[in-house]
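Just so it is clear, none of the values below were taken in a lab; they were calculated from the coordinates. Note that the structure is predicted; figures quoted are calculated from it, not measured. Please note: Cβ atoms are built from the backbone with ideal geometry, for glycine as well, and neighbour counts cover all protein chains shown.
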Amino acid sequence: MLFKNVAQGAGVIASLVLLASTASASITATVTADNHYSIYRVTGTNQQGDVLALVGGNELTFDGSPGLYNWSLPETFTFESQRDVVYVAAWSDDFFAQGLLGQFISTTNGTLLSGDARWQVFRTGIDLDDNDPYPTAALMQQQIALANSTSAWTTTAVGGPNTAATSPWREIPGITPNARWMWADTNGTSFEPGANVGEFLIFCAVIPSPSSLALAGLGLVLAGRRNRK
């Protein structure tokens, strides 16, 4: 499966991946991006990995509707997925700032927030800008297969939380303040103007189940006890 390959390639703890639910799940995603994003659900699997279908995304121009800018108000989507896995494409206008913010709630597992350490990101090297259409499901699958085969998934850069103090976006309504802006790492300048010219990024993560979170916490407690001996 894709996320087992991601875990091996990017150093993610494989046990957390194996705890992900394989049953069909209903996922509610509330997301925004500076400037654009699109979400994909899992409809099945084949030899290359997950088979995807486009769910939707935000407006493809700089102007927002109904918000002032395309990132100033989030969109909410509820969809069925064959696995508790989230795939998001994101790209900027190569101008002022860039970032992705969101929350993903599964009826079978729990909640995944942007900025969580489970997220992985792949730089496709393909340039998307304002007015470009959403990447097709076929293109996403092709690029994900490439990332898997080359072990090209990396950890995300994590920015400020969804609060009024985080510039330039301030607080986005409808998304918990615990969510944090994220993007691909660019040597400490990931969220600054022009740091990611010529990109479209693919983000992916498994929505954690309550049992996986409890086991992860237990593992930290046991590790702490061993260290104190």
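In the stretch 63-90, which residues have a backbone nitrogen under 19 Å from the label point lying 7 Å from THR45's Cα in the Cα-to-Cβ direction?
80-88
Quick one: 3J(HN,Hα) in Hz for the stretch 138-144, Karplus 6.51/-1.76/1.60 with θ = phi - 60°, rounded, Gly and Pro as x.
Once θ is set to phi - 60°, the couplings for the stretch 138-144 become 5, 5, 4, 4, 4, 5, 5 Hz.
Determine ³J(HN,Hα), in whole Hz, for all residues of the stretch 185-201 in sequence, where each value follows from phi through the Karplus function 6.51 cos²θ - 1.76 cosθ + 1.60 and θ = phi - 60°; x replaces Gly and Pro.
Working through the residues one at a time gives 6, 9, 6, x, 10, 4, 9, 8, x, x, 6, 10, 4, x, 10, 9, 9 Hz.
Would you please give the residues with an amide H less than 5 Å from that of GLY64, counting only those at least 5 places away or on a separate chain, with H modeled from the backbone geometry?
It is TYR69, ASN70, by chain and number.
What distance in nm separates the two pseudo spin-label positions at THR28 and THR61, each 7 Å out from Cα along the beta-carbon direction?
Simple spin-label model gives 3.1 nm for this pair.
Enumerate the calculated ³J(HN,Hα) couplings along the stretch 99-111 in order (Karplus 6.51 cos²θ - 1.76 cosθ + 1.60, θ = phi - 60°), each rounded to whole Hz, writing x wherever the residue is Gly or Pro.
Going residue by residue, I get x, 10, 9, x, 9, 10, 10, 9, 6, 9, 10, x, 10 Hz, with x marking Gly and Pro.
Alpha carbon centre of the stretch 70-128 versus the stretch 150-190: separation in Å?
When both Cα centres are located, 11 Å separates them.
Can you compute the FRET efficiency between GLN142 and LEU73 using 1/(1 + (r/R0)^6), with r the Cβ-Cβ distance and R0 = 22 Å? Round to the nearest 0.05.
Step by step, r from the Cβ atoms, then E = 0.10.
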